[in-house]
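Below: the structure, in structure tokens.
Read-outs throughout are calculated quantities, based only on the coordinates presented, and are distinct from any laboratory measurement. These numbers were taken from a predicted model, which means no experiment stands behind them. Positions of Cβ are backbone-derived with ideal geometry, glycine not excepted, and every protein chain shown enters the neighbour counts.
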Amino acid sequence: MSSSQTVRAILFALVVVFLGILFSACSAPTPAVTAVPTSTPQRTRTPVLTETPVLPTATPIPVPPLTWEGLKNVAYPNEWPKDGVAQLTDGLYVEEYMPGAATKLRILLSYLRVYGDLNDDGCEDVAAILVVDPGGSGTFYYLEAVLNGSGDPRPVASQFLGDRVFIRSMKVENGNVILGMDVTGPSDSACCPTDSKRVTYALEGDSLVEVEVVDLPDPEVSARIDNPPRRLEFGPDVTSITIEERIGFNRIKGYLVRALATQVMTVTIESPHDDVWLSIRGSDGTVLETIRSEAFSWSGQLPTTQDYTIYLIAAGGETDYTFRIEISGEGEPEPPEPTATPLPEAGEVVYLTFDDGAIRAWTPQILEVLARYDAKATFFVLGQLAERFPDIIQAEVDAGHTVGNHTYDHHTLDGLSRDAFFQEVQDTEEALGGLGTKCLRPPYGATDAYTRAYAGELGYEIVLWDIDTEDWANPGADQISSTVLTQVFPGAVVLFHDGGGDRAQTVEALSTVLDELRSRGYSFEPVCH
């Protein structure tokens, strides 16, 4: 081979490698290429080059990941807008049906999303949920397939999921999107039982195709929070703590710290897709940070000496995270311990409350125990359960108890938009059919700066509690009753649960509590009227 032919062969190979790099951004590295001529003329002299040149291995250009900000500001295909496309701005699309119309079409991007390769190109794509509120005719949910176009989100397919859909789980596995969800029956039916199922979707071109449906048992309504908040201990030799853990889909984890006024607290969270957010509040209700801010960090001087709970909220799929907290500065001294509460005078009242019902297995048993002691209580019920068990709600009212609003599906009210807040509360109010009071108990007690304002617009009063029995964790009937009997005081609001799991310990403990408190001179009235 002549020198000029060899040079041309090398240049040709380099061009091939360059084009491979250009068109394989999400694929595996291109193997080394060696130029070999198709035929070599016979020569009578020895070639100048005796070795085949070795060219460098191509390295693919890294593709930027899809970001939450990008997902919130892109156009999604959808059947509701006039032109079939919803161009979101900061996660929201609004369209007037006609100029000046009272109702508007609103489409918003839910924070629920999971990452994975949907089209087998080696890039990490996103499966997301769009929520459509057409203004008075239900709320509709859509699954969106968003491909990674060199770091830019490219929505390519939309699949209608249903009206009043509750996503219980969501993941991408082997290129498929797998949803665990509950779908209620038609809104005009006499009873709306929950249909629980696992559905698998595959992306085929510009369509999400249903490939498998598996019926699941109807789940008991359960809290999103994973166990009680974990207390972190600081001291002279411990001023910072780092924790590496995993959080499940749409779950909440809590960390509890004791800190002094004027100390500086710094909190940071790191997760692969920046989809674990934080909320910080004091035991007195002080809100330092809310999920609405979608924050991964917070730093500031603490206003008062108290317990502070840092909640970590999984805004997307199951993920690992690193949580760091540092507390610095001397701070103001602890206030003196409160004096012991005096024994009650005859006729002092305690307010018993029960959350997360109505449940066929446990609520009637609790009603029976209350009746034995002529005790009245307030039941904070879930709208979806009120629809399933209206006879239990009626039995509560007939027995002289009152009923409060605990949202439709136990969704945290912290960080909800005004429209989403109204939907949670008003759907429950509708399910109660006029039997409910104007008392609202936020799930987990989670509130932010907007919660009371939104509640006030609807005429509701926020009702929390003074004594948390933590019966939802099933610590034992003796522990539940001991919590109440050692902490009780006149006018205390006590939190029990009649739903969310096995409440046999609650039923047993309630008898002990009522018997002992009755002997101390207490009576029991509803906190809401």
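When you count, for each residue, the other Cβ atoms within 10 Å and take the mean per peptide, how do 87-100, 427-440 rank with the highest first?
Values: 87-100: 12.4, 427-440: 19.4.
Packing order, densest peptide first, comes out as 427-440, 87-100.
Which of Thr486, Thr469, Thr266, Thr139 comes first, and how do the rest follow, when ranked by fewest Cβ neighbours within 10 Å?
The order, fewest Cβ neighbours first, is Thr486, Thr266, Thr139, Thr469.
Show me 231-238, 76-83 ranked by packing, highest mean number of other Cβ atoms within 10 Å first.
Output ranking for 231-238, 76-83: 76-83, 231-238.
Work out the FRET efficiency for Tyr373 and Asn227 from their Cβ-Cβ distance, taking R0 = 45 Å, and round it to the nearest 0.05.
Plugging the Cβ-Cβ distance into 1/(1 + (r/R0)^6) gives 0.90.
Report the extension gain between Asp391 and Asp121 in nm, rounded to one decimal, defined as 0.36 nm multiplied by the number of residues separating them, less their alpha carbon distance. Don't skip to the end; give the middle numbers.
Working: separation 270, 0.36 × 270 = 97.20 nm, distance 5.42 nm.
Contour length minus Cα-Cα distance gives 91.8 nm.
Sort Thr239, Thr309, Thr506 so the one with the fewest other Cβ atoms within 10 Å of its own Cβ comes first. Numbers along the way, then the final one.
Numbers: Thr239 13, Thr309 19, Thr506 25.
With the fewest neighbours first, Thr239, Thr309, Thr506 line up as Thr239, Thr309, Thr506.
Using R₀ = 30 Å, calculate the FRET efficiency as 1/(1 + (r/R₀)^6) where r is the Cβ-Cβ separation of Asp466 and Ile243; round to 0.05.
For Asp466 and Ile243, the calculated efficiency is 0.50.
Using Cβ contacts closer than 10 Å as the measure, can you line up Thr407, Thr286, Thr305 from fewest to most?
Lowest count first: Thr286, Thr305, Thr407.
Calculated FRET efficiency, Thr322 and Ser519, Cβ-Cβ r, R0 45 Å, to nearest 0.05?
Here the calculated transfer efficiency is 0.30.
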